[in-house]
Each structure stands twice: as structure tokens, then as C-alpha cells.
Amino acid sequence: MNRNLLESWGSHSPRPAVAAVDAASWVQAAGGRPEWILWGKAQPEGDVVAHPLLCHCLDVAAVAALFLTDRLPRSLRARLLGVHPDPEQALRWLLFLVALHDLGKATPAFQMKVPWALPALTTAGFQFRLTAREGRHHSETGMYLLTSVLEDRGAAEELAADLARSVTAHHGLFPTDDCFDPSQLHPKQWGDTDRWGEARQRLVDALGDFFQVPEPTRIEPLTRGDLMTLAGLTSVADSRGLSSRGRLRASSACATRTASRARAAFWASSRPRSAWPPWSWGS
């Protein structure tokens, strides 16, 4: 694996304009970019009103990268990075998947959970055609949406559903195939209007460009055990990215700083399994 790969990602990260301390400045900071107006964490540390969804995706991927390049046992890393003939391409693909674990948050059912977001997003052209009681958990909408994303990128139907189910199960429950039943998951819950679709597509494209993911046609099917491992990796990465001791916030949306926070969080919480890898990431 190219040891300079992780460092190189830091120079390609998208950046919002300014930190947002209220709803008005949040909308202004998004600068008309629908993928940036979506929030991922409503109560981050500090004075900002929320943490952008796109930044949260990068936070969690940064933690997963540490596991996949250092923290996991060598044999387990080899199994997961064996999903592609080239381990570097496998790493890109796996981190892209983990980053999209919360794609289900790019939906009206989730975004309306905080009072300020509904009027702010409505003003920005997003439609909300459901009540709070009609909302489904974002892991369920996430599986539906991510499966479609992976199929659009060339993944076979079964592989797409397996991968989507694994990374969206990060809250402990695996979404079922009810996600594909219109009577169970109505389009208004995931947002079937153009603005929602544009925001999700731009978010997916931003992450795809960032990680430069390979075509999924070369991705090897994972065993059930490996899918469970991927689910566990995503869950732990998401949890670690939320820890109060080492919160991995990327208010500047700079991937190098996100990576540095990930590294610092691990150093603060536990001794490393071995000497830190001999490459500079986030310095």
C-alpha cells in the first residue's frame, strides 16, 4: 500500500466558507451548495450550531482508515483489503463505503429533527412533505439510498444491498428488505424531490472524488463474516468519531486536520498496538 496515500487526501478536501454560529450563518456558509446545508450532528462541541453531514462522513472515514492501516490485526486487514486486487484501491473503496454510512441523514425525515433546520432548509428549496411521526430511522432510508448509489456505480444488486446493509447497521440493527417496499418506506420519507436528490448526489460525488474510488465491478463479494466485520468497523468508527474525549470535528472541513484529530484521539485513549506507521498524515 502506498504510505503517502493518506497524506495526499488532505490536499483535496472540500471546505465550507466559515463556521456557523446560528441558522442564518449556517445557510450563508453553505453558499448555495445543497450538500453543505445538511447537518450531521446537531449538538457538536463548541459554539457552532451543528456539524455538517459531509464533515461527519469524513470524520468517521478517518477513524476507519486508522483501523484499516494500523489498528486491526494484520490478518483481518488483509481480508478486508482483499476485496480488490489492489489493496490501495480496496482502502479507497472501503473508506468511501464507511463515509456513506449516514447517507440516510440526507433526508427530510432526519433533517427535520432539529427546529432550526426545517425553516432553514425550506428557504433553501428543500421540501418537507411528512410529519415527525412518519419518519423512519436513517439507517433504513440509508440502506435504500446507498444500495441505489452502489448499483448506479456498477455494483451488482446483491453486492450493493449487502454492502449498504453492513455500513448502515452502525446503530446495532441491520436494516431489512422492507426498505425496498414502497408500503413501508414512502418516497416522502427519503425525499423524492429534485433538491434532495441533488444534495445527495453532490455529497456522494464529493466523497467519491475525494477517495477516488475504483469501479465496483472489480470488488470481490464479501463473506458473511467479512460483512459483519465491516459493520463492526463502521459502528466503532462512528462511535469513536463521537467520543467526548477525542471528538473528531472538522469544522474547517480540512481532511488533514480531521486525520490529525483521529490520531490524537487514539493516542489519548490507548497505547498503540505498535509504533505509529512511518508516514505523515495530518501533520
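The values are calculated or read from the model by the stated rules, or taken from the named source; none is laboratory data. In this text, all values refer to a predicted model and were calculated from it rather than measured experimentally. Cβ: placed from backbone, ideal geometry, glycine included. Neighbour counts: every protein chain shown. Heavy atoms of the whole protein, side chains included, go into the accessibility calculation; ligands, DNA and RNA do not. Shrake-Rupley method; radii C 1.70, N 1.55, O 1.52, S 1.80 Å.
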Tell me the net charge near Glu151. Cut-off is 14 Å between Cβ atoms, Glu151 excluded, with +1 for each Lys or Arg and -1 for each Asp or Glu. -3
List the trypsin sites (Lys or Arg not before Pro) within segment 81-180 that fall in a DSSP loop (any state other than H, G, I, E or B) and whose Cβ has at most 13 other Cβ atoms within 10 Å. Arg129
What is the distance in Å between the Cα centroid of segment 139-171 and that of segment 72-118? 10
Average accessible surface area per residue within segment 126-195, 1.4 Å rolling probe, Å²: 50
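Hey, what D do you get for segment 84-193 in µm²/s if you plug the Kirkwood alpha-carbon radius into Stokes-Einstein at 4 °C and 1.567 mPa s?
Using the Kirkwood radius from Cα pairs, D works out to 88 µm²/s.
For Leu94, what charge total do you get from the other residues with a beta carbon under 13 Å from its beta carbon, if Lys and Arg give +1 and Asp and Glu give -1?
On the way: positive: Arg77, Arg79, Arg92; negative: Asp86, Glu88, Glu220, Asp226.
My count for the surroundings of Leu94 gives -1.
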